[in-house]
Structures are given as C-alpha cells and as structure tokens.
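Novice: Below you will find the structure I want to go over with you.
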Amino acid sequence: MKETPHKTLLDRDASAKAIAEGYGSQLDILTDMVNYASNLIPRAYQSSEKKLRDVIVCFVLLKQFASMLDSVEVLARAGAVHAAFVPARAAFEASLHIEWILVSDGEK
C-alpha cells in the first residue's frame, strides 16, 4: 500500500506556493546569481595567470560555490528551506576558502 503525505504535516505544494508568493523575486535574483557564477568561472580562469592556484580557485572552489548556490535555489523553490541550509553552508565555506587563497600566498 502506497502512503500519501499527511496534508497537515507535509504539504509540499502549499510550501512551494507560499515560497513562490512570498519570496519569488528573491529567488529570481538567486537564479541570476547562479547563472552569473556559472559564467564567471571560465572568464575568471581566462583572465588569470593559469597557475595551479587559479585552477583550484576557478574549477574547484568557484564551481563548488555555484553548485551549492544552485542547490539552495532549487531546494528553496520547492519549499525545502531547512534542507537548503546544508548547501548554503557549503557555499559559504567555499567562499571562505576562495578568499583565504586569494588573500594569502596562494603558492603555499
């Protein structure tokens, strides 16, 4: 017998609708940020010195950041805001690593 969700406790459609009504414009901005980040990766590498540090920052950390930001947007649009905390944290950590590498001596 296949179970159906208890509508009082788990109403996915109502959650997605509430998020779209209350935060639709913010989610659209988040989508634009993700699209910009995905295009930033090859442009940043193209304008870099093309050293190992640049490969790590562009193709590992920036890609991780863009992927996690995309996950936040997808989960938030579906109404799974609490589940979006995990990729949001991963995106934040990637941004800290990027800053640390770029500000410090990246060759070390």
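Novice: Which one of Ala76, Ala37, Ala18 has the biggest mean-square fluctuation once the chain is modelled by GNM with Cα springs under 10 Å?
Specialist: In this elastic network of the chain, the residue with the biggest mean-square fluctuation among Ala76, Ala37, Ala18 is Ala18.
Novice: What number, rounded to the nearest 500 deg cm²/dmol, is the helix-based mean residue ellipticity at 222 nm of the chain, given -39500 (n - 2.57) per DSSP H run of at least four residues and division by all its residues? Please list the in-between numbers first.
Specialist: Details: 4 runs with 73 residues, N = 108.
Result for the chain: -23000 deg cm²/dmol, rounded to the nearest 500.
Novice: Please determine, in degrees from 0 to 90 and to the nearest 10, the orientation of helix 85-103 with respect to the longest principal axis defined by the Cα atoms of the chain, where the helix direction is its Cα long axis.
Specialist: 10
Novice: Quick check for me: using +1 on Lys/Arg Cβ and -1 on Asp/Glu Cβ, what's the dipole size of the chain about its Cα centre, in debye to the nearest 20?
Specialist: That gives the chain a dipole magnitude of about 220 debye.
Novice: Considering only protein heavy atoms, what per residue accessible area in square angstrom results for the stretch 1-92 with a 1.4 angstrom probe?
Specialist: Values: 6540 Å² over 92 residues.
Each residue of the stretch 1-92 exposes 71 Å² on average to a 1.4 Å probe.
Novice: For the stretch 36-108, what does the alpha-carbon gyration tensor say about shape, rounded, prolate or oblate, given a ≥ b ≥ c as the root eigenvalues, a/c under 1.5 as rounded, and a/b over b/c as prolate? Don't skip to the answer; put the middle values down first.
Specialist: On the way: a/c = 4.06, a/b = 1.95, b/c = 2.09.
Since a/c reaches 1.5 but b/c is at least a/b, the shape of the stretch 36-108 is classed as oblate.
Novice: Taking only Cα atoms, what is the 0 to 90° angle, nearest 10, from helix 12-46's long axis to the longest principal axis of the chain?
Specialist: The answer is roughly 10 degrees.
Novice: Relative to the first principal axis of the alpha-carbon coordinates of the chain, what is the inclination of helix 63-77, with its axis defined by its Cα atoms, in degrees from 0 to 90 and to the nearest 10?
Specialist: 10
Novice: Where does the charge balance sit around Leu27 when Lys and Arg score +1, Asp and Glu -1, over other residues with C-beta under 15 Å from its C-beta? If you can, show how the numbers build up before the last one.
Specialist: Numbers: positive: Lys17, Arg77; negative: Glu21, Asp28, Asp32, Asp70, Glu73.
So the environment of Leu27 carries a net charge of -3.
Novice: Which residue fluctuates the most in the chain, going by a Gaussian network model with Cα springs under 10 Å, if the choices are Ala94, Ala14, Ala78?
Specialist: Of Ala94, Ala14, Ala78, the most mobile in the Gaussian network model is Ala14.
The values are calculated or read from the model by the stated rules, or taken from the named source; none is laboratory data. Note that the structure is a prediction, hence the values are computed from the model and not measured. All Cβ positions, even for glycine, are placed from backbone atoms using ideal geometry, and neighbour counts span all protein chains on display. Accessible surface is based on the protein model in full, side chains and every heavy atom, while ligands, DNA and RNA are left aside. Shrake-Rupley method; radii C 1.70, N 1.55, O 1.52, S 1.80 Å.
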